[in-house]
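Input: a single structure, listed below in structure tokens.
Every number in this text was worked out from the coordinates using simple rules, so none of it is lab data. As the structure is a prediction and not an experimental result, all values here were calculated from the model. So basically every Cβ, Gly included, is an ideal-geometry build from the backbone, and we count neighbours across all protein chains shown.
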Amino acid sequence: MDDLSVRAIAAKEDENIFYRLAQDNRGFIKRCAFRACRRFVSESDDEWSIALIAFYEAVRSYDEAKGPFKGFASMVIRRRLMDYFDSQSRHQAEVPANPYSFDGQIESDQATALDIEISKSNALVDESMNPGSSSLEDEIEEIRQVIAPYGFDLYEVGGCSPKALKTKRACASVIKVLSVSDELFAIMRKKRNLPFMKLLDIPGVNKKLLERHRKFLIIAAEICRGDFPQLAEYIVKLGES
């Protein structure tokens, strides 16, 4: 278990440890908020308060079975901010944006003009972040730890990634479902395998596809649910190529 995960477990029972943990990870919390909001978030913004509360929630509900704390906390912060955006949209007369567009996972036949513009801007927004805040090497090392319990390594994924456009779209649909469904993601984590029977309900998905691209789908889901912005960008580009 990494040091941050150990500290998070200790912080569950000690407010002083939590305070130090939160102080030491202010930059991480801001980066999570930045990625969810797609803009700089200051500590005077409502989004900062929501992100900080979500970080506290992540500490209180964290255990070792949920994988590295950093990825788990990132997921909780993003979800709470998405909930906040949803509640705001119900009270404001704004053009709706598909939430998948903020992750670069929107498909063109389902996108509004606003969705497409948000999705296109992802790369430019990410470049405005501190380049030293999250190196690709760190992300690779962390995701390797996350997927180790599944019994395969990151470098095995290249041989089972989808190539044909139709297959890429089907895999993208599976990844979306795993990314937003707590139930299916929990089943995948618990069984260390895809929840085959439940995923077969997705249009265009069959058992052969799931078996052939199992490793790719698992790691892509873990990346999309965790704090891996550079690897997530690779997954998105792979699906668009």
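Points worth noting:
- Backbone N within region 185-203 under 16 Å of label point (7 Å from residue 1 Cα along the Cβ vector): none
- Violating pairs (Cα-Cα greater than 25 angstrom) within the set 66/176; 168/215; 66/207; 70/163; 70/166; 30/215: 66/207; 70/163; 70/166; 30/215
- In nm, spacing of pseudo-spin labels at residue 211 and residue 17 (7 Å Cα→C-beta vector): 4.6
- Ascending count of other beta-carbon atoms within 10 Å, so fewest first, for 228, 18: 18, 228
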